[in-house]
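These notes are about the structure you will find just below.
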Amino acid sequence: MVNPLDTALDPARRLLRTVFGYPAFRPDQEEIIRAVLRGRDALVLMPTGGGKSLCYQIPAMLRPGTGLVISPLIALMQDQVSALRQHGVAAAFLNSSLPYEEQQRIMAALRRGELDLLYLAPERLLHEDGGTLALLRRIEISLIAIDEAHCVSQWGHDFRQDYLGLDVLADHFPGTPRLALTATADEATREEIVTRLKLTGAERFISGFDRPNIRYTVRMKNGPGADLLAFLRERQGQAGIVYCLSRRKVETTAERLRQAGFDALPYHAGLSAQARRRCQARFQRSDGVIVVATIAFGMGIDKPDVRFVAHCDLPKSVEAYYQETGRAGRDGEPAEAWMTYGLQDVVRLRRMVDESEAEEDHKRVQRTRLQSLVAWCEITRCRRAALLAYFGEDYPGPCGNCDNCLNPPRTFDGTEEAQKFLSCAVRARQRFGAAHLIDVLRGKETDKVLRHRHQNLSTFGIGADLSARQWHAVARQVVALGFARVDAERHGALVLTPRARPLLRGEQSVELREEVRLARPRPARKERPAAWEIPAEDEPLWQALRACRTALADEAGVPPYVIFHDATLKEFVRTRPQSRGAMLELHGVGQAKFERYGSAFLDVIAGAPRPEEDLQSGQHP
Ligand code: ADP
Ligand code: ZN
């Protein structure tokens, strides 16, 4: 039965609704699809989770012929193709992991024009005897989508030699629309994509970088690991990534989490390729796994329901932070970016930059980038607005979904504290790190103090009124505000910058976070997890639906989210559909999926006890 309204919608929206089960396009998706349907090339820059895939999947289904999707990662291809097949779309992938007969079968289907979408790795297209390319040239191609297009950039982290050869597609398939898609931000990369892929005539679609469903939180380190455990305990059963700077810390953190009862796995470049693959597969395919990782874990993670990304150490730059946290919440559901940091992190990262082999120019850029991130960590205004401003985007904040918006830090005139701290650094000839300077300020006669005769400095003991923790907060902020920097060559010594002079001369004042002044930090308002909480009375139904999903996923050999996303299960809980029609109305339920799984979930819902309010309202006549 066709809903009469559907015939009035244009074909793209009809597919969106009947195949994918979504009521409306997101901003930009519709325009991109229209451009491609008109035969135009497109450069699509959209944040992770923005919905790039539909931009080529839908036109590929509408235009005659097969759509080619070039993608760098074989594991991801497989997941995308199984997701499409669940939707009833004729999709396949070709790569060397397939048995010969299977490859022959797919080639035959291609020749007969039976496929809407074919996923390929670039090397498959360009090398391997050229047979694939020859075949593709003989059949009708509806469009070519080049995913992760920033892989052509030789300056980027994800450079792939094979991507450079993709410019030949322009010559082999003139007149076939080509799309280059990426989530990587900067202008230079964009231009490189256009030039290298011969996309000069392409329409450009640059979407904003905001990820509204991600909540940003930054906390000061409070002792090894305690904060992380507290954060995770509120998020039992959720999938997430915990980033640490070193392999050793990855191992110890993963171990500690396992002992605390979490399903946590370590991941770093020191593990065997097999162990890494296993870890990645478990994360991708199960429901609540936490991966503790160095930044080696990243690209190739295409799991939409990552509920949090936690940084136990400071990343290297704002760009890195944005990219790493961007792996959370691709499904658009509430997700968290949580970080804890201390001045020690800054010292360590500075040392890594200074000791690297890079050119001096490059090092200077790295230092500036690190400094920008430190400054961002200490800001007291909306974090989202500041993050987007860094990428040149105006955000009419405050966002209401970052720690500073939810729990605004109070500030006070901290000029005196900053002056005391900076002059202590000067008296100690700018050769000592924060911990020692704080001992001096607080009048502690440690061995080191006595050895350097720092008990004789005029600043000795002038800061006894503040705790060490409070002084650490001062130290972080004078660094974040650019009055001093850590000198890695001198083991993290605090060195004044020219900006410190007016402050020391009393010509300038400075606002610091209030935590500095209070004897004890204000008890933070209880942080509530950002994820939508299932009301207690609905918990049994929620768990039953998840169990049903897991069973179906195991049976089909796909990750649970491929059956239905969390958002769709939540809709089931909220609306408790009783019929085919009611279920088809819901977000994420297309016809093919309903035919396959609808009745299983309808049964679960029908068998669930109704919550009390409903029983009460049922008493009314
Ligand atoms: P990207 O490749 O840009 O990171 P995806 O294409 O994987 O993002 O889409 C991210 C998520 O958003 C997927 O779960 C997808 O099903 C969902 N999505 C995409 N477009 C829409 C839409 N118009 N309405 C609802 N959900 C959508
Ligand atoms: Zn905010």
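Under the criterion of Cα pairs below 8 Å and six or more residues apart, the relative contact order for segment 396-522 equals 33 percent. The label point for residue 351 and the one for residue 269, both projected 7 Å from the Cα toward the Cβ, are 1.9 nm apart. Rounded to the nearest 20 debye, the dipole size of segment 191-302 about its Cα centre is 340 debye, using +1 on the Cβ of Lys and Arg and -1 on the Cβ of Asp and Glu. Quick one: which of 249/448; 249/316; 363/448; 303/363 span more than 25 angstrom between C-alpha atoms? As for pairs spanning more than 25 Å Cα to Cα, those are 249/448; 363/448; 303/363. When the square roots of the Cα gyration tensor eigenvalues are ordered a ≥ b ≥ c, the ratio a/c for segment 4-206 is 1.5 or more and a/b does not exceed b/c, which makes its shape oblate.
For the chain, carbon and sulfur atoms together expose 50% of the accessible surface, with a 1.4 angstrom probe and every protein chain in place.
Of the residues 424, 399, 97, the one whose Cα sits farthest towards the positive end of the charge dipole of the chain is 424 (charges of +1 on Lys and Arg Cβ, -1 on Asp and Glu Cβ, taken about the Cα centre). Near residue 462, within a Cβ-to-Cβ distance under 13 Å, what is the net charge of the other residues, with Lys and Arg +1 and Asp and Glu -1? Around residue 462, the surrounding residues sum to 0. Taking 0.36 nm per residue of sequence separation and removing the Cα-Cα distance, the residue 574/residue 251 pair yields an extension gain of 112.3 nm. Gain on full extension, evaluated as 0.36 nm per residue between residue 551 and residue 134 minus their Cα-Cα distance, stands at 145.9 nm.
Between the C-alpha center of segment 205-247 and that of segment 10-46 there is a gap of 32 Å.
The relative contact order of segment 533-617, computed from alpha carbon pairs under 8 Å that lie at least 6 residues apart in sequence, is 32 percent.
Starting from the Cα-Cα distance between residue 381 and residue 259, subtract it from 0.36 nm times their residue separation and give me the gain in nm to one decimal. Please report the intermediate quantities before stating the final value.
On the way: separation 122, 0.36 × 122 = 43.92 nm, distance 3.75 nm.
Once the chain is fully extended between residue 381 and residue 259, it gains 40.2 nm.
Scanning residues 5 or more positions from residue 243 or on other chains, those with amide H under 5 Å from its amide H are 293, 310, 311, 312, with H placed 1.01 Å from N in the peptide plane.
Can you give the accessible area per residue of the chain, in Å², using a 1.4 Å probe? Kindly include the intermediate steps, with their values, before the conclusion.
Working: 28290 Å² over 621 residues.
With all protein chains present, the chain gives 46 Å² per residue.
Segment 488-512 to segment 78-95: how many Å between their Cα centroids? If we compute the Cα centre of each part, the gap is 58 Å. Relative contact order of the chain: 13 percent, from C-alpha pairs under 8 Å at least 6 residues apart in sequence.
The values are calculated or read from the model by the stated rules, or taken from the named source; none is laboratory data. Computed from a prediction, not measured in an experiment: that's the story for all the values here. Positions of Cβ are generated from backbone atoms using ideal geometry, with glycine treated the same way; all protein chains shown enter the neighbour counts. Side chains are part of the model used for accessible areas, which takes the heavy atoms of the whole protein and leaves out ligands, DNA and RNA. Shrake-Rupley method; radii C 1.70, N 1.55, O 1.52, S 1.80 Å.
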